[in-house]
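The values are calculated or read from the model by the stated rules, or taken from the named source; none is laboratory data. Note that this is a predicted model, so its numbers are computed, not measured. Please note: Cβ atoms are built from the backbone with ideal geometry, for glycine as well, and neighbour counts cover all protein chains shown.
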Amino acid sequence: MDDRYQREQSFHDHAYAEHTRAAAGKFYAIQGSSRERYRRVIEANGGTGARVLEYGCGRGSSAFELARSGASVTAIDISEAGLDMAREEARSRGLTVEFRMMNAEALEFADTTFDLVCGTAILHHLDLDRSFQEIARVLKPTGVGGFIEPLGHNPLINLYRKLTPKMRTVDEHPLRVEDFDIAKRHFDRVEIGYYHLFSLAAVPLRDRSVFPPVLRAFDRLDGSIFRAAPWARKYAWYSMITLTEPKPGIASDR
């Protein structure tokens, strides 16, 4: 685990400092529907007085909006470069957020500390059993976990990943549907939303005026397909994971 941790840390320090993932930005233009679902989950559970833990941070962190809404927010990352950027952003906005370097698989918090634990595209860098165990441990009994994560079944997306190896670490593993069974070991309720299949076809139009209506049409098509053919859900690009009713004390298999 130490070697994996060091590889992830070095990669993300470099990625933050050199903006190495900028080329992938065009794809994230289509993420409106999944991001909206994520936003609703974290706003519903991270309002005034809530204690929130965010996995992963940087200038795009959700910690800023959560802090502005009145939550007490702690954000963790393994990258000092990412933490520095997040601290700078918080200062520029006049917000108070606690940023800490920490291993998400071994959280330095007491049991039942948080009302919400959330993150975007972070779990697929981690040992899932350890991570879900820790999330369940630090959540209050009524707490909620909310995460947006890429999926690993679509052959065309996997081909793109194979052709662009420098944009990701050797240890990351886009989630597969069987990985959600690991979450169910640590939570009594695991809800999965699936997003972005045909909507990826809207990427070339992202800078044109027709982009919003075209994207909405593709989003509706994706939703219809996922409802009519549940087997197709695993070929989505992204999933939205909502975790409730934690089962703390369930030991990891690792």
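Screening Asp111 with (1) part of a helix (DSSP H, G or I); (2) under 25 Å from Ile182 (Cβ atoms) gives one miss only, at (1). Selection of segment 199-247 for residues being surrounded by fewer than 17 Cβ atoms within 10 Å (Cβ to Cβ) and part of a loop (DSSP other than H, G, I, E, B) yields Arg206, Asp207, Arg208, Ser209, Val210, Ala229, Lys247.
Filter segment 40-59 down to residues that are assigned to a loop (DSSP other than H, G, I, E, B) and either free of Cβ contacts under 8 Å to residues at least 24 places away in the same chain or hydrophobic (A, V, I, L, M, F, W, C) (or both) and give me whichever is nearest to Phe147 (Cα to Cα). Step by step, filter segment 40-59, then rank; the result is Cys57.
Within the span defined as segment 143-166, one or more residues are over 18 Å from Leu243 (Cα atoms), surrounded by fewer than 17 Cβ atoms within 10 Å (Cβ to Cβ) and of a type in the set (Val, Ile, Thr). Do we find a residue being over 16 Å from the mean Cα position of the chain (by Cα), modelled with pLDDT of 95 or more and more than 24 Å from Tyr194 (Cβ to Cβ) anywhere in segment 145-159? Scanning segment 145-159 turns up no residue that is over 16 Å from the mean Cα position of the chain (by Cα), modelled with pLDDT of 95 or more and more than 24 Å from Tyr194 (Cβ to Cβ).
Close Cβ contacts (under 7 Å, 6 or more residues apart or on different chains) running from residues in segment 168-179 that are under 19 Å from Leu156 (Cα atoms) to residues that are in a loop (DSSP other than H, G, I, E, B) comprise His173/Gly152; Pro174/Gly152; Leu175/Gly152; Arg176/Gly152; Arg176/His153.
Restricting Arg91, Arg87, Arg37 to those that are part of a helix (DSSP H, G or I), touching a Gly at 6+ places or on another chain (Cβ under 8 Å) and surrounded by fewer than 18 Cβ atoms within 10 Å (Cβ to Cβ) reduces the list to Arg37.
If you go through segment 5-44 and keep only what is of a type in the set (S, T, N, Q), at pLDDT 75 or above and over 22 Å from Asp127 (Cα atoms), you end up with Gln31, Ser33, Ser34.
Which one is modelled with the lowest pLDDT among residues in segment 160-172 that are of a type in the set (Ser, Thr, Tyr) and part of a loop (DSSP other than H, G, I, E, B)?
Thr169
The number of residues in segment 64-84 that are surrounded by fewer than 18 Cβ atoms within 10 Å (Cβ to Cβ) and closer than 27 Å to Ser10 by Cβ comes to 3.
The set of residues from segment 100-118 being at pLDDT below 95, closer than 11 Å to Ala75 by Cα and either touching a helix residue (DSSP H, G or I) at 6+ places or on another chain (Cβ under 7 Å) or buried (at least 19 other Cβ atoms within 10 Å of the Cβ) (or both) comprises Met101, Ala104. Annotation note: Cβ proximity below 7 Å between a residue of segment 229-241 that is touching a residue at least 24 places away in the same chain (Cβ under 8 Å) and a residue that is of a type in the set (S, T, N, Q) (sequence gap 6+ or interchain) occurs for Tyr235/Asn154; Trp237/Asn154; Tyr238/Gln31; Tyr238/Ser34; Met240/Ser34. Can you name every residue in segment 185-198 that is closer than 25 Å to Gly25 by Cβ, of a type in the set (Phe, Trp, Tyr) and outside any helix (DSSP H, G or I)? Selection gives Tyr194, Tyr195.
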